[in-house]
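Worksheet: one structure, shown below.
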Amino acid sequence: ISANVAAIDTRDFGLNLHVAVTTLKNRVISIGEDVEDIVFNRGLQRHREGFSAGSFFQAPVTWADADGNGLLEISNCAATPVLGANCEVVIGDSVEFIGPVLPTYQIAFGGGLRVSRWLSVSTLFEARGGNFQGNDSEAFRCGFRSTRGCPAVGDPNASLEDQAAHIADRFIGSAAGFVESADFVKWRELSITLRAPAGLARSLGAINGLSLTLAGRNLATWTSYPGLDPEVVEGGGNVNFSQSEFNTQPPVRFLMARLNYTF
């Protein structure tokens, strides 16, 4: 659903607003008789009947700092681990649904402002959410047991949640802690155009038809996603449904200036 509103439209002033809202729900009806889950993206995602296509599934991770020292360990786990004093991180017996890969909603909001003929401003914000992303960049850094770039390995004050995510992924077999919410709001575009005012152009004919445009794209991102960017896709546009980042280049911020002279 979308709406465009000309809120103000006079000779000297104009204000336009527009908003578009998209929602998405999908569900795998069948993958074939006697066909097991279709697993991909390093085991993070799967097509499973009754769930949205390509959803994230992992064994759940639980932890308890039984001795209260702020450090989680699994060195004393028995063959059949039981969460407690001798085993501070355990995973579930089977994978569980974490969330969908595709955004369940997208919202775009923007507008344009015009002041006489000498100033024009337009901007666009975009929000997406309800989906998840695999933070393989962080999992990769932590997997090398390096003290660089991975708080769960090198920082004794790392949160228990980060420690549990690393331990479960590196030693027990669940990457649930590295599947993150990919909700975000982005300031997509801003454009400002200045034209020579009519009065000034009449007195200084040489500047008639002169305009300056300053523009930017991907100016700011607001998100709780801890990785490089909640929007990047490791496989680009070549891999259907796979949604993870692995040292992937985030969207670039563009800043541009353009000088036009019409004669």
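Tabulated results
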{"quantity": "Top-ranked residue of region 244-261 - restricted to ones that are in contact with a Ser or Thr (Cβ under 8 Å, 6 or more places away or on another chain) and part of a loop (DSSP other than H, G, I, E, B), ranked as farthest from ARG195 (Cα to Cα)", "calculated": "PHE246"}
{"quantity": "Cβ pairs under 6 Å, 6+ apart, first in region 3-27 and within 16 Å of GLY129 (Cα to Cα), second of a type in the set (Val, Ile, Thr) and open to solvent by less than 80 Å² (accessible area, probe 1.4 Å)", "calculated": "VAL21/ILE107; LEU24/THR104"}
{"quantity": "Flag for ALA20 being in contact with a strand residue (DSSP E or B) (Cβ under 9 Å, 6 or more places away or on another chain), of a type in the set (Gly, Ala, Ser), in a strand (DSSP E or B) and surrounded by 13 or more Cβ atoms within 10 Å (Cβ to Cβ)", "calculated": "yes"}
{"quantity": "Meets criteria (modelled with pLDDT of 95 or more and not small (Gly, Ala, Ser)) for LEU259", "calculated": "no"}
{"quantity": "Filter result for ASN26 (assigned to a strand (DSSP E or B) and open to solvent by 40 Å² or more (accessible area, probe 1.4 Å))", "calculated": "no"}
{"quantity": "Odd one out for ALA196 among (1) closer than 30 Å to SER122 by Cα; (2) modelled with pLDDT of 85 or more; (3) surrounded by 18 or more Cβ atoms within 10 Å (Cβ to Cβ)", "calculated": "(2)"}
{"quantity": "Region 139-166, subset at pLDDT 90 or above, aliphatic (A, V, I, L, M) and closer than 12 Å to VAL89 by Cβ, residue surrounded by the fewest Cβ atoms within 10 Å (Cβ to Cβ)", "calculated": "LEU160"}
{"quantity": "Scope region 14-30; condition more than 17 Å from THR123 (Cβ to Cβ) and over 26 Å from the mean Cα position of the chain (by Cα); matching residues", "calculated": "ILE29, SER30"}
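For every residue, the table says whether it meets (1) open to solvent by 90 Å² or more (accessible area, probe 1.4 Å); (2) within 16 Å of VAL179 (Cβ to Cβ); (3) not polar (S, T, N, Q).
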| site | (1), (2), (3) |
| --- | --- |
| LEU212 | no, no, yes |
| ALA215 | no, no, yes |
| GLY227 | no, yes, yes |
| VAL232 | no, yes, yes |
| ASN240 | yes, no, no |
| GLN243 | no, yes, no |
| VAL252 | no, no, yes |
| ARG258 | yes, no, yes |
| TYR261 | yes, no, yes |
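The values are calculated or read from the model by the stated rules, or taken from the named source; none is laboratory data. The shown structure was predicted, so the numbers you read here are calculated from the model rather than taken from an experiment. Neighbour counts are summed over all protein chains in view; Cβ atoms, including those assigned to glycine, are modelled from backbone coordinates with ideal geometry. Note: areas computed on protein heavy atoms with side chains; ligands, DNA, RNA excluded. Shrake-Rupley method; radii C 1.70, N 1.55, O 1.52, S 1.80 Å.
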